[in-house]
Amino acid sequence: MDMHTVVLGTSGTTAQDVIAVARGAARIELSQEALAAVAASRAFIDDLAAKPDPVYGVSTGFGALAVRHISPELRAQLQRNIVRSHAAGMGPRVEREVVRALMFLRLKTLASGRTGVRPLVVETMAALLNAGITPVVHEYGSLGCSGDLAPLSHCALTLLGEGDAEGPDGVVRPAGELLAAHGIAPVELREKEGLALLNGTDGMLGMLVMACADLARLFTSADITAALSLEALLGTDSVLAPELHAIRPHPGQATAAANMLKVLAGSGFTGHHQDDAPRVQDAYSIRCAPQVAGAGRDTLDHARLVADRELAAAVDNPVVLPDGRVESNGNFHGAPVAYVLDFLAVAAADLGSIAERRTDRLLDKNRSHGLPAFLAGDPGVDSGLMIAQYTQAALVSELKRLAAPASVDSIPSSAMQEDHVSMGWSAARKLRTAVDNLTRVLAVELYAATRAVELRDGLTPAPATRAVLAAVRAAGIEGPGADRFLAPDLEAAYAFVRDGKLVEAAESVTGRLA
């Protein structure tokens, strides 16, 4: 758990801080600079609220109802009502880490001094996060335009002491009870504040940041499993030579090849064949592993660039500019984030697809260069890993469906005022599933490749491979032998990859892998 303190100023935040708050126990402090900026922008809102001229979000309705001027005595009710009415999500609960990321990123924008809320609002949201109070947010309700409206509204509702939330003990209770138990007073909203709490790309951005971190680990994991498969298939590592990748200068490709070479260093397997005939070329799933994993890495780099820009942004509508103007804008549209969420789902699907092809090759006695059919103890009596590959294939097929982009869709809403939306929240939700599926696909390849290496007699695997094998067996994942109940082994392999143990084991020999 990360126990450090994250200090929020006016200039955004970092991916590392998002993860520390969302997944760890990092506490949040608001800088004096941020509190001063928030107070200054609130003064502009108070001045506008006192004037007779209608200002969107301050003294008007919202969306298609923005044509109505709201009198001063109804404005607190207006802000409260937008939160209540927009908290209209349905479906399963969203994961705690996603809700914490969403809240922290909304707080990041509130702290920028561009939204016009009072310091009390940002202080209370920080207090909620520090108390470990997590609003109940539902799967459906965001179209990724005008922000992640329903998810953010459920969070804002907790700020008012309404709705349900999960306490630090994991028990869901009425939000008012949780706030009282932690000495947090519910917020009475004033002009602009309800709208400012709802208008951001924070949910999809939080999921993007966490997916980027997870995929970075999985790309390294895929380089390791590809190297193990190459080794188990007695493949040649000559295709990994740096000079070959230098003449096609995609940086991710060079990184993947370098990782594989490090894992294979000192292997007694590579370049052999069951009859000692030289191997001229390996199959594409082996030979082109760096090209596929590398393209995914380069896509990930682009996604991180977009995420970093968004982490530096203040997304709200309207916004308070430094000169005091309050201006409407379209910065809440999720297209920049939605596109890269979809790009990453494509990369995840292709990485899973090539890993599955390597696994199938390990199991096929006609293509595995001397390994027993399905890596079984007694083929025919035993089925070996036949159905483990079925499971992997089912996951890959699902990955391909998840790769269908959400961001090419748009469904009009709010009486055609919001007539083009990004569907970025949907892109983020399916990417989370894709990341989990990819982890499982790589776990099956790891399970097959380690068994295959152990079935080779008379050759010495690379030192990094031996370290991985030792760690896998120490984790209770069994090796070759007669058929047994496979699901527990596969689940243990999944946890081994998911928790970074695979990378850790390889790096104990290779040093840091990129």
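The values are calculated or read from the model by the stated rules, or taken from the named source; none is laboratory data. Small disclaimer: the values here were computed from a predicted structure and weren't measured. Ideal geometry is used to build each Cβ from the backbone, glycine not excepted, and the neighbour counts take in all protein chains shown. All accessible areas refer to the heavy atoms of the entire protein, side chains included, with ligands and DNA or RNA removed. Shrake-Rupley method; radii C 1.70, N 1.55, O 1.52, S 1.80 Å.
Taking amide H as placed 1.01 Å from N in the peptide plane, E418 has its amide H under 5 Å from the amide H of S413, each at least 5 places away in sequence or on another chain. When the alpha-carbon atoms of region 276-390 are used, the pair Rg, Dmax equals 24.2, 79 angstrom. Per-residue packing, averaged as other Cβ atoms within 10 Å, sorts the ranges 408-415, 363-370 into the order 363-370, 408-415, beginning with the highest. Using the 1.4 Å probe convention, the accessible area of region 423-514 works out to 37 Å² per residue with neighbouring protein chains retained.
With the cut-off at 1.5 for a/c, could you classify region 1-135 from its C-alpha gyration tensor as rounded, prolate or oblate? It comes out oblate by the Cα gyration axes. Estimated at the nearest 10 Å², the accessible area of I82 is 10 Å² with a 1.4 Å probe.
How big is D, in µm² s⁻¹, for region 105-151 by Stokes-Einstein at 20 °C and 1.002 mPa s if Rh is the Kirkwood radius over C-alpha pairs?
The estimated diffusion coefficient comes to 177 µm²/s.
Summed over the residues of region 345-409 and divided among them, the accessible surface reaches 43 Å² per residue at a probe radius of 1.4 Å. Couplings 3J(HN,Hα) of region 259-270, computed from phi: 4, 4, 4, 4, 5, 8, 4, x, 6, x, 8, 5 Hz, in residue order, whole Hz [Karplus 6.51 cos²θ - 1.76 cosθ + 1.60, θ = phi - 60°; x for Gly and Pro]. Between D382 and any residue 5 or more places off or on another chain, the built amide H atoms are never under 5 Å apart.
Heavy atoms only, probe 1.4 angstrom, no DNA, RNA or ligands counted: give me C288, C212 ranked by accessible area, highest first.
Descending accessible area places them as C288, C212.
In region 90-188, the portion of solvent-accessible area held by carbon and sulfur atoms comes to 56 percent [1.4 Å probe, whole percent, DNA, RNA and ligands not counted]. Across the protein chains, with a 1.4 Å probe defining accessible surface, the residues R325, R75, R287, R401 rank R401, R325, R287, R75 from largest area downward. Computed with a 1.4 Å probe on the full set of protein chains, the accessible area for D214 sits at about 20 Å².
Against the main long axis of the alpha-carbon atoms of the chain, helix 202-232 sits at an angle near 0°.
Normalised by the number of residues in the chain, the mean separation of alpha-carbon contacts (under 8 Å, six or more apart) gives a relative contact order of 16 percent.
Per residue of the chain, what 222 nm ellipticity follows from adding -39500 (n - 2.57) for every DSSP H run with n ≥ 4, rounded to the nearest 500? Write out the running numbers ahead of the final one.
Working: 19 runs with 279 residues, N = 514.
Theoretical 222 nm ellipticity from helices: -17500 deg cm²/dmol.
With θ set to phi - 60°, apply the Karplus curve 6.51 cos²θ - 1.76 cosθ + 1.60 along region 364-369 and write out the HN-Hα couplings as whole Hz, x wherever there is a Gly or Pro. These are the phi-based 3J(HN,Hα) values: 8, 5, 7, 10, 9, 6 Hz.
When nucleic acids and ligands are ignored and a 1.4 Å probe is applied, M103 ends up with an accessible area of around 0 Å². Leaving out ligands, DNA and RNA, what percent of the accessible area of region 361-507 is carbon and sulfur, probe 1.4 Å? The value for region 361-507 is 55 percent carbon and sulfur by accessible area. Cross-link partners of K108 among lysines, defined as those whose alpha carbon lies under 21 angstrom from its own and excluding same-chain residues fewer than eight positions apart: K192. The H on the amide N of L30, modeled in the peptide plane, is under 5 Å from the matching H of L8, each at least 5 residues off or on a different chain. Residue by residue, region 497-514 carries 3J(HN,Hα) couplings of 6, 4, 8, x, 5, 5, 4, 4, 5, 5, 5, 5, 10, 7, x, 4, 9, 6 Hz when phi is fed to the Karplus relation 6.51 cos²θ - 1.76 cosθ + 1.60 (θ = phi - 60°); x denotes Gly or Pro.
When Rg and Dmax are taken over the Cα atoms of region 152-241, they come to 23.7, 69 Å. Treating the angle as unsigned and between 0 and 90°, give the value, to the nearest 10°, between the Cα long axis of helix 149-159 and the longest Cα principal axis of the chain. It works out to around 60 degrees. Taking only protein heavy atoms and a 1.4 Å probe, the accessible area of region 218-272 is 64% carbon and sulfur. S407 sits among other residues whose Cβ lies under 14 Å from its own Cβ, and their net charge, with Lys and Arg +1 and Asp and Glu -1, is 0. Name the shape class, rounded, prolate or oblate, that the alpha-carbon gyration tensor gives for the chain, where a ≥ b ≥ c are the square roots of its eigenvalues, rounded holds for a/c under 1.5, and otherwise prolate holds if a/b is larger than b/c and oblate otherwise. Prolate. The convex hull built on the alpha-carbon positions of region 414-468 has an orientation-averaged projected area of 5.6 nm². Calculate how steeply helix 463-474 sits against the longest principal axis of the alpha-carbon atoms of the chain, using the helix alpha-carbon long axis, and give the answer as 0 to 90 degrees to the nearest 10. Around 70 degrees separate the two axes. Pull out a ≥ b ≥ c, the square roots of the eigenvalues of the alpha-carbon gyration tensor of region 114-189, then state rounded if a/c is under 1.5, prolate if not and a/b is larger than b/c, and oblate in the remaining case. Oblate shape, in that a/c is at least 1.5 and b/c is the bigger or equal ratio. Bridgeable lysines around K400 (alpha carbons under 22 Å apart, same-chain partners fewer than 8 residues away excluded): K430. Taking other residues whose beta carbon is less than 11 angstrom from the beta carbon of T299, and scoring Lys, Arg as +1 and Asp, Glu as -1, yields -2. Other residues whose C-beta falls under 11 angstrom from the C-beta of R75 contribute a net charge of 0, scoring Lys and Arg +1 and Asp and Glu -1.
Take the Cα radius of gyration of region 197-264 and divide it by 2.2 N^0.38 Å, N being the number of residues; the result is 1.55.
Among K108, K501, what's the order by accessible area (1.4 angstrom probe), most exposed first?
K501, K108
The residues of region 1-123 expose on average 44 square angstrom of accessible surface per residue, using a 1.4 Å probe on protein heavy atoms.
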